[in-house]
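Notes for the one structure printed next.
The values are calculated or read from the model by the stated rules, or taken from the named source; none is laboratory data. Quick caveat: nothing in here was measured; it's all calculated off a predicted structure. Ideal geometry is used to build each Cβ from the backbone, glycine not excepted, and the neighbour counts take in all protein chains shown.
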Amino acid sequence: MAERLPIDDWADKVTELSGDGVVHDPVEDLVVTLERKGVITAEEGARLYGDYLKKDQP
């Protein structure tokens, strides 16, 4: 399960105040949690999330 930190709430609020909508992606949230816990590296996280985003591309 993805975990949120206080900085995540802050980032959401800054995004709202800038006029953008806050959209949470459960896969992205999980990758960030795995990186924060040291389960995967930032490079592995970027590759995993990139592969996830490409899955629906032709």
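Where in the chain are the helices (runs of 4 or more DSSP H), entirely inside, with at least 3 residues that are charged (D, E, K, R) and loosely packed, with under 13 Cβ neighbours inside 10 Å?
Because the criterion is at least 3 residues that are charged (D, E, K, R) and loosely packed, with under 13 Cβ neighbours inside 10 Å, the helices (runs of 4 or more DSSP H) in the chain that meet it are 6-17, 42-54.
For segment 4-39, what are the residues that are of a type in the set (D, E, K, R), within 22 Å of Gly50 (Cβ to Cβ) and touching an Asp or Glu at 6+ places or on another chain (Cβ under 9 Å)?
Hits for segment 4-39 are Asp8, Asp29, Glu35, Arg36, Lys37.
Which of the residues belonging to segment 12-29 are at pLDDT 95 or above and of a type in the set (A, V, I, L, M, F, W, C)?
Of everything in segment 12-29, those that are at pLDDT 95 or above and of a type in the set (A, V, I, L, M, F, W, C) turn out to be Val14, Leu17.
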